[in-house]
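Notes for the one structure printed next.
Throughout, read-outs are computed from the coordinates displayed, never taken from laboratory work. The shown structure was predicted, so the numbers you read here are calculated from the model rather than taken from an experiment. All Cβ positions, even for glycine, are placed from backbone atoms using ideal geometry, and neighbour counts span all protein chains on display.
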Ligand SMILES: *Cc1c(COP(=O)(O)O)cnc(C)c1O
C-alpha cells in the first residue's frame, strides 16, 4: 500500500489548530458551556458562508446528519423515502431508524439517482454525490436532501456548492472522507427554520441559550443528544482551512492521470464534470472479467484500486433481509408492499458496476510524486491489458 491515510487525514496539523489548544486551555469541550461564540459556532458560521446557506449544524457523524435532515422535513411515520440504489448503506439505516421506509431508485450512468424514475407523488428524496460525482437535483419533490459525504467542496453545474441546493445537505468527517475529524458530521440548509428544528432536536428538544441549562418551551418536541464537541469542531475548522489546497491537489493529480492514461489503448477513463471534487479516477472496462484481471495486476504491483460494487443497496443484506431489532419488525412492518423502482430489476446497474474500477488520488503528494505514481499505474495497466 502506498499510504495509510486518505485525503484530509494527510493534512491534520497540530500547528494549524489554535482553536484546539484554545478549547483545551479553557478546559471546556462542551459547546453549550464554552465561551460565546464557541468553536462549534465558528465552524458552523464558516461552513454556512463557504456553502452559501442560511445555517449549518455540527453533529456526531454523517449518518446523524441524514437523520436530522430527514426529521426537519417533518415526515409522516412509515412513509416512503426515495434513495439512490447505489450508495452507502448508512442512507438506508438513517431512513429506517426514523420509522421511514427506504425505496431504492435506479441510477444513471454516473451512479446518481435517476430523477426520471421517481413516481410523481415522491415527496422526500435523498440524492448522493458518490465518489465525487455531482448528482442532478430532482425538480418535482418538495424535499431533496443532498448526501454530500463523498463530495465535500464540489459544485453543481450552475456553480452552487454541493449540499446547498436541496432542502438540506449532509457531510461526513469520517476518516475516509475528503475532510476528517475521525468521526464527525455537518448538516446545512438554505432554510433557517430547518436549522432551528435540527438544533433543537439534537439538544433534547430544547431551546437552550449558550451557557445555560437547557430550557423547554411550551409544546416542546422530544429529541436526543446529538451534540458534537469543541475539540472535534476545532479539528474540523483546521481541516476546512486545507480544503481548497486538497481540492486543487486532487485536480492536478486527476489531470495528470487522465492525460497519461489516454496513452493506454485498452483503458477507458470515465470523464468527470468541472464541479466534481476529483477524489479518484474512474476506469471502465468492456467486461467484468477484464476488470477483475486488471485489479489483480494492480494488486500485484502494490497499487490500490477498488470497485463500487458494495454500494448496490437492493442487493445489500440490510435491505434484502428486512430485518430489525424491533421484535415486531418495525418499521418494515409499516409498509410491507413497498418495492424498489428500477427499469430492469437493477440488471444494467449491476453490470455497469461490474465494469467500473476506481483508482484513488493522493493530494498530499508533490507534482513529481504524483507523476511517478501515475507512471506506475500506466505501466501496470499497459502490462495487464
Ligand atoms: C460515509 C458516508 C455516510 C455516513 O457518514 P458517517 O460519518 O460515516 O456516518 C453517508 N453517506 C455516504 C454516501 C457516505 O459515504
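A compact table of results
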item	result
Checklist (1) closer than 30 Å to residue 246 by Cα; (2) crowded, with 17+ Cβ neighbours inside 10 Å applied to residue 296, failing item	(2)
Test: residue in the range 198-220 that is under 26 Å from residue 82 (Cα atoms) and surrounded by fewer than 18 Cβ atoms within 10 Å (Cβ to Cβ)	no
Test: residue in the range 196-207 that is in contact with a strand residue (DSSP E or B) (Cβ under 6 Å, 6 or more places away or on another chain) and within 11 Å of the ligand (Cβ to nearest atom)	no
Selection count, the range 339-352, where residues are over 10 Å from residue 85 (Cβ atoms) and surrounded by 15 or more Cβ atoms within 10 Å (Cβ to Cβ)	1
